[in-house]
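Engineer: This is the structure I have questions about; it appears just below.
The values are calculated or read from the model by the stated rules, or taken from the named source; none is laboratory data. Treat the numbers as computed from the prediction; the structure is a model and nothing was measured. Because the Cβ atoms are built from the backbone with ideal geometry, glycine has one as well, and the counts that use them run over all protein chains shown.
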Amino acid sequence: MVVEVRGGVEVMEGNQPRVEVNVLLLGAHSVGKSALTVRFLTRRFIGEYGDIGEETHGHGLFVGLNQSELFVSLMTMCDSVPESVYSRVDRIDAQDVCFNVWDSPYTQDDGKSLSLPDKQLQWADGIVLVYSICDRRSFHVVRQQLQLIRRSRKPSSVPVVVVGNKLDLHCHRSVSSEEGRLLALSQHCGFYEVSAAETYEDVLLVFQRLVHLIRESRALRKSSAGVRRIVRSVSAVFGKKRGE
Ligand SMILES: Nc1nc2c(ncn2[C@@H]2O[C@H](COP(=O)(O)OP(=O)(O)O)[C@@H](O)[C@H]2O)c(=O)[nH]1
Ligand SMILES: [Mg+2]
């Protein structure tokens, strides 16, 4: 029995609580966002991926794959949920986690200043920011996107994992591990270098780390809301006493 699946957090499947996390992938064109998404969802690397455009309704991502081969489901569309979100349920730390993954195409290659749609940022519980270790320009894009995320209306603490992809091409590396790690550390993000082409396990680690960061951030929000409630009740009592 599914009680609630509306782009939110609280889901009950039977009697078992299930965590729901919305994961947004960002980064420059051709860094491997779709490759990482497909790796995570299907464990496979298929080489070429159509972009999930507004018009494709989620089918572009899986060019070359038979839809029936996939153990993913296209989420039910509703006002607050975009068309191209794929979901996968995983068991992490003895709890079912439903990943809703939005692999958004990069559309800022026209020389205009970079911006991120508010719709995406408000939807996301956590963000995977991808660059290619062989493409310095894509690293600058990640740096800029990170600044935009931290300045956005969303709480600046939205969990982010920075990912340097195409590790198998390390002989063409133009961004060092240290630079990537330093950027991530300076903005309190997780950091991984992976190869979507070569390994599933490392890609899985990225998503698992993001879940841990999301859990931490939710727990922090809950406890600070609790503290605010206590402070309000205490000031109400003392305020009353002073007025009496
Ligand atoms: N060598 C290598 N190529 C990759 C890797 N990940 C993606 N690619 C290739 O890079 C190109 C762009 O990948 P894609 O996922 O479409 O990038 P996106 O535009 O960020 O979604 C494709 O030709 C992929 O096959 C990787 O880890 N290693
Ligand atoms: Mg893509």
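Engineer: I'd like the full set of residues that are closer than 16 Å to Val38 by Cα, more than 14 Å from ligand 1 (Cβ to nearest atom) and touching a strand residue (DSSP E or B) at 6+ places or on another chain (Cβ under 8 Å), limited to the range 187-222.
Structural biologist: Matches in the range 187-222: Leu205, Phe207, Gln208.
Engineer: Need the failing condition index for Met75 against (1) buried (at least 19 other Cβ atoms within 10 Å of the Cβ); (2) away from ligand 2 (no atom under 16 Å from the Cβ); (3) at pLDDT 55 or above, just the number.
Structural biologist: Unmet for Met75, out of (1) buried (at least 19 other Cβ atoms within 10 Å of the Cβ); (2) away from ligand 2 (no atom under 16 Å from the Cβ); (3) at pLDDT 55 or above: (3).
Engineer: Suppose we keep only residues that are part of a loop (DSSP other than H, G, I, E, B) and of a type outside the set (A, V, I, L, M, F, W, C) within the range 163-175. Which one would you say is farthest from ligand 1 (Cβ to nearest atom)?
Structural biologist: Ser174
Engineer: Would you check if Leu213 is under 15 Å from Val130 (Cα atoms) and in contact (Cβ under 8 Å) with a residue 60 or more places away in the chain?
Structural biologist: no
Engineer: So, one more: Among the candidates Glu178, Glu216, single out the residue that is loosely packed, with under 10 Cβ neighbours inside 10 Å and in a helix (DSSP H, G or I).
Structural biologist: Glu178
Engineer: Out of the residues in the range 1-46 meeting the condition of being small (Gly, Ala, Ser) and farther than 19 Å from Leu167 by Cβ, tell me which one is modelled with the highest pLDDT.
Structural biologist: If we take residues in the range 1-46 being small (Gly, Ala, Ser) and farther than 19 Å from Leu167 by Cβ, then Gly14 is modelled with the highest pLDDT.
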